[in-house]
Amino acid sequence: MNAQNMPLLECEHLSKRYTKNGFYALYDINLTLARGRIVGLLGPNGSGKSTFIKLITGLLVPTDGTVRVNGVEVSANSLETRERIAYLPERIALDKNQRTEKVVDFYSDFYPNFNVPRAYDMLSRLGIAPDMKLKTMSKGMLEKVQLILTMARDADLYLLDEPIAGVDPAARDYILGTILSCANPDSTILLSTHLIYDIEPILTDAIFLRQGQIMIAGDANAIRNDKGTSLDGLFREVFRC
Amino acid sequence: MLKLMKYEIKSVWWLYVTSGALVLAMAGISRLLCLFLTDDPEIMVWRILPYSVSVGLTVFFLLAAFVFANVIPAVRFYQTVLKDQGYLTFTLPVRRSSVYFAKLLTGALGLVFTLLIAAGGVFIAFVGTKAGDVIDGIAEILSIIDLDGIVNGGQIALFIVTVILALLQYLFGTSAVLFCSMCIGQLASGNKLLYSILSYVGISTAASAISSFFSLISQALFIDGLNDNAAVWALDLTSFLQALPPFLITVGCVITANILLKKHLNLE
């Protein structure tokens, strides 16, 4: 099969059970994602969004099932898939003792697809000087730097775990603008959130997760037409307490 | 892996240099104060006090540098592998074993550096001084050991293997056990630090018990006297058997940690 025609992400019977309580954080997920999509991974806290993303990155080992990116199975040592995936964790994973330029050097050293001019361009638009130490930055600023470093890669699959959680509305606009400006027709962006209202306009697809299982998945417009409500309205209806 | 080591060294070099600089500075001060020592009892009383304090501090900084050299790799491992930075570390397109060995080797380099600094510090502070008489005395005692007899009378290959095992154990042993303990601790769903400490205590206790057991057994079996060639050969074998268990435990820790990182990573 031609690489362009091949699904970008394939999950088959993907399950993850934590030893903690013996319960499944994710159960029997079957999913295929094509290229060039912006997919919202939607669900309340504890629905398995982060677990799903960590399984795709290889940070967690599935209890059952497989994940394939570009037809290559994800495992602890699948370097090829890690080169193709750009992951934004929900917490700050950068060494805060470093200066911005050193972190950019680090990324460009390890990721062949890291676009240094794009990174510096986005950083300068935020007013971040290359010699600025990360530990002098606010949490919101650090989140933006981490997003820039993730989106400055020419990856096939962007996995953004709660990119707009805990930031003010202006910062949300910046983050969504950055995501859109970096999206290209051959890559897919999977972003998890429970703040549907803010991201609904940019989504092409949506996946609703509940207690580790997919409730609804498909084209965002088709879901809206089918259910007769917005994704945000549907979310409030489905996950009403 | 070299790239990983480069960034690892970049992150920690200043810690080793600072600790080394403190050792050398204190050693220099000791040496300087030593120059003012005199045989005149009245003046001596006032000059020996700061000298004694400086010698005490030099020894303290020396010991602290070694403790520090073992703690730095462990802290780095915890921060960059098992805490938040692990999300970045383990999504880099590098093998997990490369991450592990880069940290282990960097820790060993730090120990070698500390060893060289310690040797320099001892030389500056004590060699050729009255305090240096103690070192001269130790050297004299060591010179009594019939190294030729041990090597020639025993098995040279066994002797060399023993020395290599001991060296590898010194360079990698502490870090390997600490890394392994932390990897075991991260399997727990809560109180990971506590479980890491318990794992460390458990592994260390087991290592000490096994080493002591082998030491006692080998001594009981092989050493009756030290005057004939057979006994010298037995001494070599005893040393080998004493060096082997800690080395094997280190190897076991390396393998266990790599398996856990590869198959059971549990970043929250």
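Just a few scattered comments:
- Single residue of A:Glu143, A:Glu83 found to be away from every other protein chain (no Cβ under 12 Å), surrounded by 15 or more Cβ atoms within 10 Å (Cβ to Cβ) and out of contact with any helix residue (DSSP H, G or I) (no Cβ under 7 Å at 6 or more places or on another chain): A:Glu143
- Considering the conditions (1) in a helix (DSSP H, G or I); (2) closer than 20 Å to A:Gly40 by Cα, A:Leu159 is excluded by exactly one of them, (1).
- Condition check for A:Ala25: small (Gly, Ala, Ser), within 14 Å of chain B (Cβ to nearest Cβ), more than 28 Å from A:Val238 (Cβ to Cβ) and in contact with a helix residue (DSSP H, G or I) (Cβ under 7 Å, 6 or more places away or on another chain): no
- Flag set for A:Ala155, criterion: within 12 Å of chain B (Cβ to nearest Cβ), over 20 Å from B:Ser11 (Cα atoms) and small (Gly, Ala, Ser).
- Selection of first residues in the range A:51-62 that are free of Cβ contacts under 8 Å to residues at least 60 places away in the same chain and more than 9 Å from A:Val74 (Cα to Cα) and of second residues that are in a loop (DSSP other than H, G, I, E, B) and polar (S, T, N, Q), restricted to Cβ pairs under 7 Å at least 6 apart or on distinct chains, gives the following pairs, ordered by first then second residue: A:Leu59/B:Thr91.
- For A:Phe110: the one exception among (1) within 11 Å of chain B (Cβ to nearest Cβ); (2) farther than 25 Å from A:Tyr174 by Cβ; (3) modelled with pLDDT of 90 or more; (4) out of contact with any Pro (no Cβ under 7 Å at 6 or more places or on another chain): (4)
- Some residue of the range B:249-263 being modelled with pLDDT under 80, within 14 Å of another protein chain (Cβ to nearest Cβ) and either in a helix (DSSP H, G or I) or closer than 30 Å to B:Arg96 by Cα (or both): yes
- Selection within the range A:71-107 - among the hydroxyl-bearing types (Ser, Thr, Tyr) and within 20 Å of the chain's Cα centre (by Cα): A:Ser75, A:Ser78, A:Thr81, A:Tyr87, A:Tyr107
- Screening A:Ser192 against (1) assigned to a helix (DSSP H, G or I); (2) at pLDDT 85 or above; (3) under 22 Å from A:Lys54 (Cα atoms) leaves a single unmet condition, (1).
- Being at pLDDT 85 or above and either in contact with a helix residue (DSSP H, G or I) (Cβ under 8 Å, 6 or more places away or on another chain) or of a type outside the set (Phe, Trp, Tyr) (or both) holds for only one residue in B:Val81, B:Val59, and it is B:Val59.
- Tally, over the range B:56-95, of residues that are part of a helix (DSSP H, G or I), surrounded by fewer than 21 Cβ atoms within 10 Å (Cβ to Cβ), within 13 Å of chain A (Cβ to nearest Cβ) and of a type in the set (A, V, I, L, M): 1
- Leading residue by the ranking (nearest to B:Thr250 (Cα to Cα)) among those in the range B:96-112 that are surrounded by fewer than 20 Cβ atoms within 10 Å (Cβ to Cβ) and within 11 Å of chain A (Cβ to nearest Cβ): B:Ser97
The values are calculated or read from the model by the stated rules, or taken from the named source; none is laboratory data. Here the structure is a predicted model, which means the values were calculated and not measured. Heads up, the Cβs are rebuilt from the backbone with ideal geometry, glycines too, and the neighbour counts pull from every protein chain shown.
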